Amino acid sequence: MTALFAFDDATCQRLAEAHGTPCFAYSGAVATAGFRALRAVLPSRVRIAYAVKANPHADLLRCFAGLGASFDCASIGELERVEALGLPAGRTFFAGPGKRASELQKALSMGVRVQAEGFEDLARLDALATRETAVNLRVHPAFDIDEGNRIIGGSGPSAFGVDEEAVPALLEKAARLAHVRIKGLHVFAASNQRDAAKLRAIHGAVLDLAKRLHEAHGLAFEQIDLGGGLGVPYAPDEAPLDLAAFGQNLSDLLARHAWFEGELILEPGRFLAGPCGVYLARVVRLKESRGTRFAILEGGINHLIRPLLTGEPFPAKAVGRAGEAVPHTLAGPLCTSLDRLGEVRLPALTAGDLLAFGTTGAYGLNEGMTHFLSHPVPPEVWVD
Ligand SMILES: *Cc1c(COP(=O)(O)O)cnc(C)c1O
């Protein structure tokens with residue numbers, strides 16, 4: 001389950017021949033095993049809401065829905081994809097810093113729990129609502145909850161949530177709204193975190209913040225949403241998250257916060273979707289330039305932009321190739337020197353060789369710059 005590649009070489013070869021390259025393939029078995037492994041360690045009062053943003057592929061959503069997942073959406077497009085699953089009300093959340101009126105209307109019509117990002121969200125939702133509507137309030141903590149995390153952005157100014165120090169004034173105004181009632185808290189505080197002790201510290205800080213709000217304002221939270229951020233390995237030397245410890249830590253936190261009788265929500269995207277995906281692309285040509293050996297591939301940052309955004313490549317293997325590993329710079333076909341998928345050591349490549357990039361089920365194709373240069377969009381294959 002913690003393997004970097006969801007498919008062995010023979011399967012990669014077969015998929016490439018059957019569907020052409022470049023392509024993405026997702027393993028239903030790996031996605032199912034990952035979901036079940038997480039569910040198995042969580043206390044019953046913890047709910048899993050898959051973050052659709054990580055990978056909105058219809059078969060993957062159906063797979064998680066069948067396993068009992070709830071869903072975290074952040075656009076009308078994601079809401080529509082989840083609506084197509086035909087789930088009962090109450091299994092969908094709607095987050096995002098720029099929710100338009102049409103999106104709030106859609107969320108209301110679907111019975112979705114909105115994560116309000118500030119008073120404007122509450123007021124606009126209130127104007128659209130026709131009956132009592134429970135919402136969660138996203139709070140931007142006043143303390144640096146995961147120091148140095150560029151995605152989370154520290155305790156400085158943020159486009160997300162209401163600043164912790166502005167909560168009292170917001171609650172006063174919110175109390176005068178006709179329909180909207182704050183019944184939950186949302187704090188998103190981690191990103192690709194594989195260290196269970198760090199997650200415990202982050203989630204503990206969120207529960208402490210909830211307790212302060214509960215005591216100061218009498219907020220009886222039905223839900224505390226801890227957001228996503230569970231990490232996965234992207235390299236052989238990276239240890240996976242210790243799931244048993246993670247589950248135990250959440251049990252301990254619930255026991256320590258006896259005042260809280262509601263439900264904890266987790267919104268994992270990367271953890272649930274990442275390991276099931278493999279991206280397959282062939283080498284188009286090789287080029288030596290001033291001592292660097294380039295392998296130029298059929299796809300690059302148009303399909304996998306994460307290496308450019310984070311500086312962290314996806315794991316790569318040369319399918320069916322053995323031999324001494326030598327350095328290659330993997331470049332894509334785009335007319336920009338930004339188009340690089342990593343510096344890797346692989347057996348000496350030749351044109352036509354098949355490369356597989358592992359752990360590309362999350363933040364893969366749907367985060368890529370697919371429109372740039374108008375290359376055909378690669379197929380996504382669901383392997384059940
Ligand atoms: C991106 C996002 C997630 C998922 O984050 P992962 O790091 O993939 O687990 C969950 N919730 C919200 C609100 C998000 O924006």
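Residues of the stretch 75-101 being under 21 Å from Ile48 (Cβ atoms) and among the basic types (Lys, Arg), which ones?
Arg81, Arg91
Assess whether Asp121 counts as being under 18 Å from the mean Cα position of the chain (by Cα) and in a helix (DSSP H, G or I).
Spelling it out, it is not the case that Asp121 is under 18 Å from the mean Cα position of the chain (by Cα) and in a helix (DSSP H, G or I).
Checking the condition at negative phi, surrounded by 15 or more Cβ atoms within 10 Å (Cβ to Cβ) and not hydroxyl-bearing (Ser, Thr, Tyr), which residue from Arg131, Arg176, Arg194 passes?
Arg194
Taking the stretch 5-28, which residues are touching a helix residue (DSSP H, G or I) at 6+ places or on another chain (Cβ under 9 Å) and without any contact (Cβ under 8 Å) to a residue 40 or more places away in the chain?
Answer for the stretch 5-28, where residues must be touching a helix residue (DSSP H, G or I) at 6+ places or on another chain (Cβ under 9 Å) and without any contact (Cβ under 8 Å) to a residue 40 or more places away in the chain: there is none.
Identify, by number, the condition in (1) open to solvent by 10 Å² or more (accessible area, probe 1.4 Å); (2) small (Gly, Ala, Ser); (3) within 16 Å of the ligand (Cβ to nearest atom); (4) farther than 30 Å from Phe314 by Cα that Gly184 doesn't meet.
With (1) open to solvent by 10 Å² or more (accessible area, probe 1.4 Å); (2) small (Gly, Ala, Ser); (3) within 16 Å of the ligand (Cβ to nearest atom); (4) farther than 30 Å from Phe314 by Cα applied to Gly184, the lone miss is (1).
Across the stretch 81-134, what is the number of residues that are among the aromatic types (Phe, Trp, Tyr) and more than 15 Å from the ligand (Cβ to nearest atom)?
1
Being surrounded by 22 or more Cβ atoms within 10 Å (Cβ to Cβ) and at pLDDT below 95 narrows it down to one of Asp121, Asp72, so name that one.
Exactly one of Asp121, Asp72 is surrounded by 22 or more Cβ atoms within 10 Å (Cβ to Cβ) and at pLDDT below 95, namely Asp121.
Residues that are buried (at least 17 other Cβ atoms within 10 Å of the Cβ) and modelled with pLDDT under 95: find the strands (runs of 3 or more DSSP E) completely inside the stretch 323-367 holding 2 or more of those.
none
Please work out which residue is farthest from the ligand (Cβ to nearest atom), limiting yourself to the stretch 264-305 and to residues that are in a helix (DSSP H, G or I) and open to solvent by 10 Å² or more (accessible area, probe 1.4 Å).
Pro275
Say whether the condition of being charged (D, E, K, R), open to solvent by less than 50 Å² (accessible area, probe 1.4 Å) and within 20 Å of Leu250 (Cβ to Cβ) is met by at least one residue in the stretch 76-85.
Scanning the stretch 76-85, I find no residue that is charged (D, E, K, R), open to solvent by less than 50 Å² (accessible area, probe 1.4 Å) and within 20 Å of Leu250 (Cβ to Cβ), so the answer is no.
How many residues does the stretch 230-239 contain that are surrounded by fewer than 19 Cβ atoms within 10 Å (Cβ to Cβ) and touching a helix residue (DSSP H, G or I) at 6+ places or on another chain (Cβ under 9 Å)?
Residues in the stretch 230-239 being surrounded by fewer than 19 Cβ atoms within 10 Å (Cβ to Cβ) and touching a helix residue (DSSP H, G or I) at 6+ places or on another chain (Cβ under 9 Å): 0 in total.
Does any residue in the stretch 42-54 that is within 23 Å of Phe260 (Cβ to Cβ) come within less than 6 Å, Cβ to Cβ, of a residue that is away from the ligand (no atom under 13 Å from the Cβ) and of a type outside the set (A, V, I, L, M, F, W, C) six or more places away or on a different chain, and which pairs are these?
Leu42/Gly247; Pro43/Ser251; Arg45/Glu263; Arg47/Glu263
The values are calculated or read from the model by the stated rules, or taken from the named source; none is laboratory data. Quantities reported herein were computed from a predicted structural model and do not represent experimental measurements. Using ideal geometry, Cβ is built from the backbone for each residue, glycine included, and neighbour counts are taken over all protein chains shown. To get the accessible areas, we keep the full protein, side chains included, count just its heavy atoms, and leave off ligands, DNA and RNA. Shrake-Rupley method; radii C 1.70, N 1.55, O 1.52, S 1.80 Å.
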